[in-house]
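Note sheet for the following structure.
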Amino acid sequence: MGVEIVARRPSSHRRDGYGKLWAAAAATMTLLAPLTLAHADEPTLPVQVQAGLLAKVAAYDRNLVGLEVGKVVVAIVTRKENLDSTSAGARLQAGLQGIPLIAGLSHEEMMVSFTTANALADLCRKNNVSIAYLAPGLDREIPAVAEAMRNMRVLTAGAMTEYVSEGIVLGFDLVSGRPKILVHLEQARKQNVVLTAQLLKLAVIVE
C-alpha cells in the first residue's frame, strides 16, 4: 500500500518576501517568552511557531533538494485516523502558506496520510521532497522512518520533541519560555542533510 496524498498546495509568493521571513521569525521568538508548556500529548512548541522556524532552518541546509529543482516541496505527514495529528498537520500547512519563501525559493505543501515508512520514502523520491514533517501520532513509526530515509537528502522534522531522539533530524522544544532547535546530528549525516556551523551553534545537538 502506498502513501496517500491528501492535498497539494503551492506557494505563489515572490522571492522579494524572503527578508520578511527572517524578521517574522525573530519577532515570533521574542513573543514566545511568556508561553507555558503544552500538555504531554501535544507539541511542546505550538505548530504555527514551528512552521516559521522550520522555514528558517531549511535555509541553513546546504544540501536541500529544492536548491537543485528550484522549488521546496514539504510533505506534511499525518495519521489519518488521528484527529490531533490531522489538525496539527493542517495548522502546519497554514503556517507555511503564510511564509513567502523557503530557502529563497517558492514552496509547495503536500498533505500525506502515513501508511508505511518505505512508502513515504518512495513518495519523497518521486516528488523531490525537501522536507518531511512528521505530525503527532506517529511515535511508533519514527525509527522505521529514520531507517527508510537513509541517503535520501530529505530534512525530516518532527512535531514532537521526542521524535528527535528516535531518529528525526530536526525538532523543536521550549526551554525557559523560549524556542530551542534540536538536531540529531548523526541522523543528519545519514540523510545527507548538511547544516551549516552557524545553525549548529544555535541548536541542541542530539546523538
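The values are calculated or read from the model by the stated rules, or taken from the named source; none is laboratory data. Given the structure is predicted, the values throughout are model-derived calculations rather than measurements. Quick reminder, even Gly has a Cβ in these numbers, built from the backbone with ideal geometry, and neighbours come from all protein chains shown.
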Exactly one of 84, 61 is more than 19 Å from residue 193 (Cβ to Cβ) and either modelled with pLDDT of 95 or more or in contact with a Gly (Cβ under 7 Å, 6 or more places away or on another chain) (or both), and that residue is 84
Note on region 66-92: residues of a type in the set (A, V, I, L, M) and under 14 Å from the mean Cα position of the chain (by Cα) are 72, 73, 74, 75, 76, 77, 88, 90, 92
By my count, helices (runs of 4 or more DSSP H) wholly in region 93-197 with at least 2 residues that are without any contact (Cβ under 8 Å) to a residue 24 or more places away in the chain and over 13 Å from the mean Cα position of the chain (by Cα) are 185-190
Checking 71, 56 in turn, the sole residue that is out of contact with any Asp or Glu (no Cβ under 9 Å at 6 or more places or on another chain) and under 16 Å from residue 155 (Cα atoms) turns out to be 56
Residue 83 meets each of (1) surrounded by fewer than 21 Cβ atoms within 10 Å (Cβ to Cβ); (2) touching a strand residue (DSSP E or B) at 6+ places or on another chain (Cβ under 9 Å); (3) hydrophobic (A, V, I, L, M, F, W, C) with one exception, condition (2)
Those residues of region 53-65 that are over 10 Å from the mean Cα position of the chain (by Cα), more than 24 Å from residue 118 (Cβ to Cβ) and not charged (D, E, K, R) come to a total of 2
With the condition kept exactly as written, say whether any residue in region 119-132 is buried (at least 24 other Cβ atoms within 10 Å of the Cβ), out of contact with any helix residue (DSSP H, G or I) (no Cβ under 8 Å at 6 or more places or on another chain), modelled with pLDDT of 95 or more and not acidic (Asp, Glu). yes
